[in-house]
Amino acid sequence: MALVLFALNESTEFISPTKTPEYLAAGLPVISTRIKDVVNPYGDADLVYIADDAETFIKHAETELDKKSREEWLMQVDEFLSDNSWDHTFDKMSKLINNLKIQVVHV
């Protein structure tokens, strides 16, 4: 089990932990605090547990430890991450930058 635990404050308001997809790619269940870039997309897709307090964290850990199989979850993770490579991220960012350059040139 992997933990992505950040205090929720100004410093972490816009943090985007790259460890989340790395942990998932390693087949590790993840419990995270409510970081925006973890909740969306990973929490919304039910790929990670989101814990707002100690009691919820414990509940999620117990749920995960009681599981007999993670096979279905691992298939969902693999499918989700198949479109989430650094190359794909670079391509999306490159297109955004090039579109911005085109818009600036035409202004």
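The values are calculated or read from the model by the stated rules, or taken from the named source; none is laboratory data. This is a predicted model, so every value here is computed, not measured. FYI the Cβ positions are ideal-geometry reconstructions off the backbone, even for glycines, and counts take in every protein chain you see. SASA here: full protein model, heavy atoms, side chains in, ligands and nucleic acids out. Shrake-Rupley method; radii C 1.70, N 1.55, O 1.52, S 1.80 Å.
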Leaving out ligands and nucleic acids, note down the accessible area per residue over the chain with a 1.4 angstrom probe, in whole Å².
73 Å²
If you line up the Cα atoms of the chain on their principal axes, what length do they span on each, largest first, in Å?
58, 34, 17
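Using a 10 Å cut-off on Cβ atoms, rank the peptides 17-26, 50-59, 63-72 from the highest mean neighbour count down.
Listed from highest to lowest mean packing, they are 17-26, 50-59, 63-72.
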At a 10 angstrom cut-off on C-beta neighbours, averaged per residue, how do the peptides 5-15, 33-43 rank from highest to lowest?
33-43, 5-15
To make sure I understand the rule: partners must be aspartates and glutamates, Cα under 18 Å from the Cα of residue 36, and not fewer than 8 residues away in the same chain. Which ones qualify?
10, 13, 22, 44, 46, 52, 53
Taking the Cα centre of the chain as origin, sum charge times position over the Cβ atoms of Lys and Arg (+1) and Asp and Glu (-1), and report the length of that vector in debye to the nearest 20.
400 debye
Using a Cα-Cα cut-off of under 18 Å, which lysines could be cross-linked to residue 67, ignoring same-chain neighbours fewer than 8 residues away?
59
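Over the stretch 1-82, with every protein chain in place, what whole percent of the accessible area is carbon and sulfur at 1.4 Å, could you tell me?
Ligands and nucleic acids excluded, carbon and sulfur give 52 percent.
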For residue 76 and residue 5 in the same chain, what is the full-extension length gain: residue separation times 0.36 nm, less their Cα-Cα distance, in nm?
23.3 nm
